[in-house]
Amino acid sequence: MRALTLLLTALPCPAADRPNIVFLFSDDHAVQSISAYRGRFSEAAPTPNIDRLARQGMIFERSYCTNSICGPSRAAILTGKHSHKNGFIDNETGRFDSSQPTFPKYLQRAGYQTAIIGKWHLTNEPTGFDHWDILPGQGNYYNPDFVSSSGTQRVDGYCTDIITDKALDWLKKNSGPKNKPFVLMCQYKAPHRNWMPAPRHYNLFDGQNLPEPATLFDNYARRSSTLAQQKMSVAKDLNWGLDLLLPGKAKDPRFLDELQNHEYKRMTPAQRALFDSAYAADNARLIDDLAAGKLDDAAVTRWKYQRYIKDYLRCIRALDENIGRVLDYLDASGLSKNTLVIYSSDQGFYLGEHGWYDKRWMFEESLSMPFLIRWPGVVKPGVRSTALIQNIDYAPTFLDAAGLAIPPDMQGSSLLPLLKNAGEAPTNWRKGIYYAYSGEQTHRVPKHDGVRNDRYKLFFLPNSNEWQLFDLKNDPQELTSVHDDPAYATTLTEMKTLYQQLRNQYDVKPDGP
Ligand code: SGN
Ligand code: CA
């Protein structure tokens, strides 16, 4: 019986059984804010619909990006290749070579319908899609524009809701019994900066004090001095207008700037009225307290953190509700049973850890990507996998699931062996992941690349010629680099060997990607 099961699972899927793929994807959604990941907001801000996927499918606890920014992560997903191979290395100068092979192109050629709705952010028009309806660039939360082959159209409403409306419309028209199998990429803008909630969530968390990370006031000791040089600190770099949603400029030196909230300008008068009344009382109290000298610097940082995190989590509330709408539709239409559903996000994010917002560093919070997958009959429900997976694995997984051969130049590996084996990695599975960030002007995080295995993380900062080594078991918050600690000399050598091996395997140039 066991032999028969093994034989059956090894055979490619017959054409009629080829699964549909619904790829639910968001932007900057940190695992710390997903209750299925047991993040610190599990009680105050649960994500019941994303959690449904964990209950009915598998959750990967060690899921990582190759390069912790938007365009590069998306390019890695589409191509199954690291940034230096697919050519999209950074958001500032990157152009996506849309003539290169991608998984939607392979699936389309094999008879799949392919659709992308929502945030694309890869500079060129999408190729390999029968249907595309995307946000231009970063897109907007309020009354967003959408670009499709028939031009640009502004749609009234809240972006997360609209993307779902469009995805459900597409499903209703294209997923009947007579239709071909499909891959639908439903890609949300939320919860990307600037964190603008839906009006129905403005008052969520009012009067609550949400948990702070232990490292909100990190002093960056015992690590590279470059950590202190970034421009992504909650205390210093969040803009009062853009990020913290205060209108105008107050007369206090700690109101650093007057960067306006561009979403406000897009609102209808009715939306503005709701927004103004929702935030007015808290804003007025802050301004009065500042004027009365009641808040020291730490208290201002704490206020900023609360405002930031509440708006971020409010954006996630709409996201989670909308994921629920898609899952409900898949259930009600009967599609669920032959549809592989994934939830992921382009990279993680700092929710105050190390005093930061944003991403880019190879530390756990921004290296991690949520990855949950439901596939009835293949993926055992309720499994938590600790296998090391990366976004370059998605393309080979989709091709494998559709019964297609995986092109040898794809650098990721199909997850099917893990999916079919309760999340256990086969013995020849990767022993570490490789990461590379090229160093953009925005937020001033320096270039670095490195490796992470089950327990340790090593990365190299070429500009300052420094190694950083972290023992994730003894120091999960990554507060001490042990690269020069004699007790870790052997580990350092082993990790440098892994670094070299992976750079060779992925064909990284000697001076880096
Ligand atoms: C914008 C944001 C940055 C963010 C980048 C990249 N600034 O530039 O904070 O790091 O996008 O994000 S904002 O003032 O425009 O909000 S990414 O997700 O596209 O990589
Ligand atoms: Ca992003």
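The values are calculated or read from the model by the stated rules, or taken from the named source; none is laboratory data. Computed from a predicted model, the values in this text were never measured in an experiment. With ideal geometry, Cβ positions are generated from the backbone for all residues, glycine too; neighbour counts draw on all protein chains shown.
Can you confirm whether Lys337 is buried (at least 24 other Cβ atoms within 10 Å of the Cβ), basic (Lys, Arg) and touching a residue at least 24 places away in the same chain (Cβ under 8 Å)?
So Lys337 fails the test.
One residue is enough: does the range 166-180 have a residue meeting the conditions in contact with a strand residue (DSSP E or B) (Cβ under 7 Å, 6 or more places away or on another chain), assigned to a strand (DSSP E or B), closer than 30 Å to Arg272 by Cα and modelled with pLDDT of 95 or more?
no
Quick check on Thr386: is it outside the structural domain of Ile50 (by TED's automatic domain parsing) and of a type outside the set (D, E, K, R)?
Judged against the criteria, Thr386 is not a match.
Taking the conditions exactly as written (more than 24 Å from Leu244 (Cα to Cα) and exposed (fewer than 12 other Cβ atoms within 10 Å of the Cβ)), does Pro181 satisfy them or not?
Here the answer is no, as Pro181 does not meet what is asked.
Looking at Ala36, is it of a type in the set (A, V, I, L, M, F, W, C), within 16 Å of ligand 1 (Cβ to nearest atom) and either touching a Ser or Thr at 6+ places or on another chain (Cβ under 8 Å) or modelled with pLDDT under 95 (or both)?
Details: of a type in the set (A, V, I, L, M, F, W, C): yes; within 16 Å of ligand 1 (Cβ to nearest atom): no; either touching a Ser or Thr at 6+ places or on another chain (Cβ under 8 Å) or modelled with pLDDT under 95 (or both): yes.
No; evaluated as a whole, the condition is false for this residue.
Can you confirm whether Ile69 is touching a residue at least 40 places away in the same chain (Cβ under 8 Å), away from ligand 1 (no atom under 16 Å from the Cβ) and not assigned by TED's automatic domain parsing to the domain that holds Asp454?
Taking the combined requirement at face value, the residue does not satisfy it.
Please determine, by comparing only the residues of the range 362-384 that are β-branched (Val, Ile, Thr) and assigned to a loop (DSSP other than H, G, I, E, B), which one is nearest to ligand 1 (Cβ to nearest atom).
The selected residue is Val379.
Scan the range 78-99 residue by residue and report those that are in contact (Cβ under 8 Å) with a residue 60 or more places away in the chain and touching a Ser or Thr at 6+ places or on another chain (Cβ under 8 Å).
Leu78, Thr79, His82, Ser83, Lys85, Ile89, Asp90, Asn91, Glu92
Counting just the residues of the range 325-346 that are within 22 Å of Ala30 (Cβ to Cβ) and aliphatic (A, V, I, L, M), which one comes out nearest to the chain's Cα centre (by Cα)?
Across the range 325-346, the extreme among qualifying residues is Ile342.
I'd like the full set of residues that are among the aliphatic types (A, V, I, L, M) and in a strand (DSSP E or B), limited to the range 48-78.
Met58, Ile59, listed by residue number.
What are the residue pairs meeting all of these: first residue in the range 117-131, first residue touching a residue at least 24 places away in the same chain (Cβ under 8 Å), second residue within 12 Å of ligand 1 (Cβ to nearest atom) and basic (Lys, Arg), Cβ atoms under 9 Å, and 6 or more apart or on different chains?
Qualifying pairs under 9 Å: Gly118/Lys189; Lys119/Arg74; Lys119/Lys189; Trp120/Arg74; His121/Arg74; Leu122/Arg74.
Being at positive phi and not in a helix (DSSP H, G or I) narrows it down to one residue among Thr127, Thr93, Thr114, Thr123; which is it?
That would be Thr123, the only listed residue that is at positive phi and not in a helix (DSSP H, G or I).
Name every residue in the range 284-306 that is of a type outside the set (Ser, Thr, Tyr) and in contact with a helix residue (DSSP H, G or I) (Cβ under 9 Å, 6 or more places away or on another chain), in order of residue number.
Leu286, Asp289, Leu290, Lys294, Leu295, Ala299, Val300, Trp303
If a residue must be more than 16 Å from ligand 2 (Cβ to nearest atom) and surrounded by fewer than 24 Cβ atoms within 10 Å (Cβ to Cβ), how many such residues does the range 82-101 contain?
10
Sort out which residues of the range 150-169 are buried (at least 19 other Cβ atoms within 10 Å of the Cβ) and closer than 18 Å to Trp195 by Cβ, and write them in order of number.
Tyr158, Cys159, Thr160, Ile162, Ile163
Can you pull out the residues in the range 187-197 that are more than 13 Å from the chain's Cα centre (by Cα) and surrounded by fewer than 24 Cβ atoms within 10 Å (Cβ to Cβ)?
Of everything in the range 187-197, just one residue is more than 13 Å from the chain's Cα centre (by Cα) and surrounded by fewer than 24 Cβ atoms within 10 Å (Cβ to Cβ), namely Asn194.
Which of the residues that make up the range 347-361 are under 14 Å from the mean Cα position of the chain (by Cα) and either away from ligand 1 (no atom under 15 Å from the Cβ) or within 13 Å of Asn391 (Cα to Cα) (or both)?
If the condition is that a residue be under 14 Å from the mean Cα position of the chain (by Cα) and either away from ligand 1 (no atom under 15 Å from the Cβ) or within 13 Å of Asn391 (Cα to Cα) (or both), then Gln347, Gly348 are the ones that fit.
Spot the failing condition for Ser42; the list is (1) free of Cβ contacts under 8 Å to residues at least 40 places away in the same chain; (2) assigned to a helix (DSSP H, G or I); (3) among the hydroxyl-bearing types (Ser, Thr, Tyr), and only one is missed.
(2)
Consider Ala332 against the criteria (1) surrounded by fewer than 21 Cβ atoms within 10 Å (Cβ to Cβ); (2) within 27 Å of Ile392 (Cβ to Cβ): it satisfies all of them except one. Which criterion is unmet?
All conditions are met except number (2).
Considering only the range 48-63, I want to know if a residue exists there that is surrounded by 24 or more Cβ atoms within 10 Å (Cβ to Cβ), more than 16 Å from ligand 1 (Cβ to nearest atom) and of a type in the set (Phe, Trp, Tyr).
Within the range 48-63, one or more residues are surrounded by 24 or more Cβ atoms within 10 Å (Cβ to Cβ), more than 16 Å from ligand 1 (Cβ to nearest atom) and of a type in the set (Phe, Trp, Tyr).
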